[in-house]
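Let me begin by presenting the structure, written as structure tokens, before commenting on it.
The values are calculated or read from the model by the stated rules, or taken from the named source; none is laboratory data. Remember, predicted model here, so these are calculated numbers, not experimental data. Every residue, glycine among them, receives a Cβ derived from its backbone with ideal geometry; neighbour counts consider all protein chains shown.
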Amino acid sequence: MTKTRIAGLVVIWCASCFASNVSLADQAGDEAAIRKNAEAYVEAYNKRDAKAVAEMWSPDAVYMDPGTDEAAIGREEIEKLFATTLANLGEGKLEVSVESVRFISTNVAIENGTVRILRPNAEPDETYYSAVNVRRDGKWLLDRVSEESPPAQAPSPSEHLKELDWMIGSWIDQDEEATIQTDCEWTKNQNYMTRSFAVVVDGQVEMAGMQMIGWDPIAKQIRSWVFDSDGGFAEGKWTHKGDRWLIKQTATLPDGRKSSAVNIIKRINDNSFTWQSIQREVAGDLLPNVDEVLVVRKPAQ
């Protein structure tokens, strides 16, 4: 490459740097002007001045009414639309949060943010907006604005577990041979439930374990995981049918054999439920069902 060619490239590069610096400086001022317009827009809106609001739009602007999805075209239609809107606003107040301003060219900028209508003793109406601002005769004006409601928030895992809230507490299941105590409680934020259990025979703990119960957002189903002191572990899928919960459980025994069962929990009242295990298999061999047993809430100390 010749020295002349290199020198030319350097000149072009330096010139582009200078132009970029000027552009950035100009954009900072333009962004400040657009943000100031948003403040003036809020002031005119809250004064119920439809004419002042309309004057902040370009002559051929288009506004999509989020309530009706109809387009108001031009300042005259926009003024009429806002005159009706402001007359029906009551005690509502507009609040606008400008989140970003992005320049497409020296005369076009995209403004994004959040609009809220605040009313006494009521939740605010909130929408996201996208506005196209154009420069006309040295002044920034709104040219296109569209609004959309924020996406509905998905229920938290705890919402899906509320049907099992009655299980929280300590429970006793006993017969002549053994006593089983289960203690159920919420984890932090109530997104999981834990059930610790202990099987006591002749005053000695023969086996203990822990069950975690949570919501699977992919399968859209309550699931559980059990780990016992013998080294076994299991996974269950919960289905609610009428007054019963069916837990289809698959397990790995300490010796590596596979087992499965369907456990049934039937709530009687706040202080008692029944438990039963059917369709039991170990390593492909069928086992007898476990008869329904009564589990009662442990009396408060």
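General remarks:
- Subset of region 119-150 [polar (S, T, N, Q) and in a strand (DSSP E or B)]: 127, 130, 133, 146
- Among the residues of region 249-301, those that are acidic (Asp, Glu) and touching a residue at least 12 places away in the same chain (Cβ under 8 Å) comprise 270, 281, 291, 292.
- Checking every residue in region 30-45 against the condition of being touching a Phe, Trp or Tyr at 6+ places or on another chain (Cβ under 9 Å) and part of a loop (DSSP other than H, G, I, E, B) gives zero matches.
- Scan of region 285-301 for residues that are part of a strand (DSSP E or B) and not basic (Lys, Arg), ordered by number: 285, 286, 287, 290, 291, 292, 293, 294, 295, 296
- Taken together, the residues in region 237-248 that are closer than 16 Å to residue 282 by Cα and either in contact (Cβ under 8 Å) with a residue 24 or more places away in the chain or loosely packed, with under 14 Cβ neighbours inside 10 Å (or both) amount to 0.
- Of all residues making up region 151-177, the number that are among the acidic types (Asp, Glu) and assigned to a loop (DSSP other than H, G, I, E, B): 3
- Looking only at region 84-106, residues that are more than 16 Å from residue 35 (Cα to Cα) and buried (at least 16 other Cβ atoms within 10 Å of the Cβ) come to 4 in all.
- Reported count of residues in region 171-195, each being over 19 Å from residue 245 (Cα atoms) and among the hydroxyl-bearing types (Ser, Thr, Tyr), is 2.
- Among the candidates 163, 177, 206, residue that is closer than 19 Å to residue 289 by Cα, assigned by TED's automatic domain parsing to the domain that holds residue 289 and either among the charged types (D, E, K, R) or modelled with pLDDT of 95 or more (or both): 177
- Of all the residues in region 63-77, those that are touching a residue at least 24 places away in the same chain (Cβ under 8 Å) and over 21 Å from residue 114 (Cβ atoms) number 0.
- Selection within region 81-118 - outside any strand (DSSP E or B) and farther than 22 Å from residue 50 by Cβ: 106, 107
- Test: residue in region 210-226 that is modelled with pLDDT of 95 or more, surrounded by 13 or more Cβ atoms within 10 Å (Cβ to Cβ) and more than 27 Å from residue 163 (Cβ to Cβ): no
- Filter pass, residue 42 being buried (at least 19 other Cβ atoms within 10 Å of the Cβ), within 24 Å of residue 100 (Cα to Cα), of a type in the set (A, V, I, L, M) and in the same structural domain as residue 109 (by TED's automatic domain parsing): no
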